[in-house]
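Here, each number is a calculation from the coordinates, and none is a lab measurement. Nothing here was measured: the structure is a model prediction, and the numbers come from that model. All Cβ positions, even for glycine, are placed from backbone atoms using ideal geometry, and neighbour counts span all protein chains on display.
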Amino acid sequence: MADRVYIFDTTLRDGEQSPGCSMTVAEKLRMAAKLVELGVDILEAGFPIASQGDSEAVDAVAREFPWVSVAALARSNRGDILAAATSLKNAKRPRIHTFIATSDIHLKHKLKKSRQQVLDEAVAAVRLAREYCDDVEFSAEDATRTDPDYLEQVARAVVAAGARTVNLPDTVGFSIPEEYRDLIARIVKALGDSAVVSVHCHDDLGLAVANSLAAIQGGARQIECTINGIGERAGNAALEEVVMALNTRRDRLPFETRIVTEHLFPCSQLLTSIITFGPQPNKAIVGENAFAHEAGIHQDGFLKERTTYEIMDPKSVGVPESKLVLGKHSGRHALAKRCQDLGISLTKEQLDTVYHRFTELADRKKGLRNEEILGLAREVVEETKQAGVSAS
Ligand code: KIV
Ligand code: ZN
């Protein structure tokens, strides 16, 4: 049996915290419905102390999806925790997610507190949160730049105070996979079965997904991530990438999630329609070009056998089909197939002529449209007919 990894979605909280991504309560509800359909285990719906809207969103999501674990974020202080508890009062499966920074750099410049003060506040926050719900998660913000001995001390203390999940965020995307795996392994060993160790990676160095995967190899069993990888600055680990890496490389990553992967692309599309931007075209799994082939050699291989150039079936992530893009690098094989799909069968000689004209055009122009290809093919067919008439 593969080990179960819990997917904690924070699209509606960390994701929403990035420029251009704020969502109304109604939009959060629409997105939450899709995330529930996708099969996320925990849905972080907002940071209630931050705004009335966030507080309402947490309440609305918790009421609408009572069977899902809904989390609300709170700093490690009384006001935040009471706001989170209030917004979760109707939730059937509430989780209070409380956090405080533990790195010296944050303690010195941001919090202006000693390590002992932070430790005491973390413990007090968890105890207070436990008065309102059993499921309490504690995050040691900037864990990856925290002295590991102190981090372990905090982790042990918050678990003793009642936290069931201990999250060790790479808040500034500073860690590298091997280092992160080792840090996680140390805390997993220290906590044993007393809590789930969770990871939350930012993508400042483009390593958020790699770090998340390394972390589960180190023993973490919850991954915090977002659709399309949205989130503070360079974003969070992209949910779709984490899940498909697990699904595609089960040989090396024997872990199970509950995600229904066919909903990944529709979920990404819905998010794009709600916020102000979509993923870049070459974004893994959900980008416009994720299953598009332009080079002739690739198209030829793909047409002979899909798996030569595709490690995932597009349908498995909800993308209707792969695309053969016709451009200056494309080959005769793909051009013939496109003409066929457009209803024109070409002889070998006709195809040679169409291909010649097509490469000339593609050299000057990006992204040829079907009408242009159809135009070239019809022109050549017509010329052949005329040549036949005048020869007879
Ligand atoms: O990046 C971070 O450290 C966070 C915490 C609040 C979990 O978002
Ligand atoms: Zn974050």
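Structural remarks
- Counting beta carbons within 10 Å around each of 257, 102, 347 and listing the fewest first gives the order 347, 257, 102.
- Fraction of alpha-carbon pairs over 19 Å apart in region 315-372 - percent: 31 percent
- Spin-label model, residue 111/residue 384: points 7 Å from Cα along the beta carbon direction are separated by 7.5 nm.
- Subtracting the Cα-Cα distance of residue 364 and residue 292 from their residue separation scaled by 0.36 nm leaves 23.8 nm.
- Folded to 0 to 90 degrees: helix 148-160 orientation relative to the chain principal axis, Cα: 70 degrees
- Cα gyration tensor, the chain - rounded (a/c under 1.5), prolate or oblate: prolate
- Remark: 29, 88 ranked as 29, 88, counting other beta-carbon atoms within 10 Å and listing the fewest first.
- Amide hydrogen neighbours beyond the local backbone of residue 167, cut-off 5 Å, H modeled: 138, 139, 140, 198
- Annotation: the residues 31, 23, 312, sorted from fewest to most other C-beta atoms within 10 Å of their own C-beta, follow the order 312, 23, 31.
- Pairs of lysine residues in region 292-391 that meet both criteria, 8 or more places apart or on different chains and Cα atoms under 13 Å apart, total 6.
- Remark: the Cα gyration tensor places region 1-71 in the prolate category, a/c being 1.5 or greater and a/b exceeding b/c.
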